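Just below is one structure, and these are the notes that go with it.
The values are calculated or read from the model by the stated rules, or taken from the named source; none is laboratory data. Keep in mind it's a predicted model, so treat the numbers as computed, not measured. Cβ: placed from backbone, ideal geometry, glycine included. Neighbour counts: every protein chain shown. Please note that ligands, DNA and RNA were not included when accessible areas were found on the heavy atoms of the full protein model with its side chains. Shrake-Rupley method; radii C 1.70, N 1.55, O 1.52, S 1.80 Å.
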Amino acid sequence: AIELLLPELERGMLDSAWRIRQSSIALTGELLYKVAGISGKVEIEEDEAPAMHADTARKALTEALGQDGRDRVLATLYIVRQDAVSVCRQASIHIWKALVHNTPRTTREILPILIRLIIELLGSDSHEQQGTASRTLGELCRKNGERILSEIMPILKNAVTSRDARSREGACLALTEIMQTANEDHLEAHEDTIIVAVRVALVDPDANVRMAAARTFDAMQEQIGPRAIDETIPTLLEAMSSPGETSETALMALKEVMSVSRSISFRGFAR
C-alpha cells in the first residue's frame, strides 16, 4: 500500500514536531530499504553507496514508486538532511547514503520537486522549517555553483508570479538565500532575472510577499550594488504617481524597502 503510506510519511518528515519527523524518517527508511531490496546497513562515515548497489536500488525505487514518487521522497530526504535536530539529520543522511551513489546527479534529477518543496517550507509559519529550507538551498548553491543556479532561477521566476501567496513569499526568501550564499561571479549571469523578480514582488498585493521582497531587495543591493537601486526604485516612484490601487501598493512597497535598508539615497530621483 505504498500509495497510501508514502504521502503520509513524506508529510511526517517535514512536520513541525521533531519526534514525528524522527519516526517518519525511520519508517520511510524501512519502507525504501524493503522496496529497494537492500539492508540499509551502511556506516555513516563511509562514502555514498557503491555505484552498482545504488543503481540497482535506483531502478527498484523508480519501478515501485514511479518517477514522480521516487523524486518526491528523495527530495524530502535531501531536505531533512539539514534538519536542526541531530537525530533527524543523522537518520536521513544514513538513508540517503544507503540509496544514493552520486548526490550532484541525483539533486539535478529531482531539482524541480526539490525547489518546490523548499519554496513551500520557506513560506511556512514555522521558523524551524524555514531554517531547514534555507540551509538546504545554501548547500545546493555552494556545492553545485553556476550549473544549479541556471536551473533554479527559471523555477523561482515562475514562482514569484504563482497564484499562491506563500509560494511567492517563499520564492523571494529563496532568492535572498541564494544571494547570500552563492558565488558573486555565478550570480552575475542572473542579475536581470533577479531584478525583474524583485520588481514584480515589491508591488505584490500581499503584505507578506512585499516584506519578503524588501529583504530580497536589500540582499540584491549588497550583491549587485547601485544597479539594484537604479532599476528598482524609479519603477516604484513611477507607480506611485499612477492613480488607484497601484499607487497605494507602490507606496507600501517603498515603505517596506526603507524599513529594511537604510543605505538608499534618493539623490537623482527627485523630480
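Quick check: convex hull of the Cα atoms in the chain, volume per residue, rounded to a whole Å³?
126 Å³
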Would you work out what percent of the accessible area of the range 113-183, with all protein chains in place, is carbon or sulfur (probe 1.4 Å)?
45 percent
Inter-part distance where the range 166-229 and the range 92-109 are each reduced to a Cα centre, Å:
30 Å
Over the chain, what is the relative contact order in whole percent, taking alpha-carbon pairs under 8 Å and six or more residues apart?
13 percent
Which helices, taking whole DSSP H runs in the chain, have alpha carbons extending 27 angstrom or more along the helix axis plus mean Kyte-Doolittle at least -1.0?
127-159
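Before I look further, what does the chain give for accessible area per residue, probe 1.4 Å, in whole square angstrom? It would help to have the intermediate numbers written out before the result.
On the way: 13350 Å² over 271 residues.
With the other protein chains kept in place, the chain gives 49 Å² per residue.
Report the extension gain between Asp15 and Glu139 in nm, rounded to one decimal, defined as 0.36 nm multiplied by the number of residues separating them, less their alpha carbon distance. Don't skip to the answer; put the middle values down first.
Values: separation 124, 0.36 × 124 = 44.64 nm, distance 2.13 nm.
Here the answer is 42.5 nm.
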On a 1.4 Å probe surface of the protein chains, which of Trp18, Trp96 comes out largest in accessible area, and what is the full order?
Trp18, Trp96
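Sort 168-179, 66-77 for me by packing, meaning the mean count of neighbouring Cβ atoms within 10 Å per residue, highest on top.
168-179, 66-77
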All lysines inside 23 Å of Lys97 as judged from Cα atoms, apart from same-chain residues fewer than 8 positions distant:
Lys34, Lys41, Lys59, Lys143
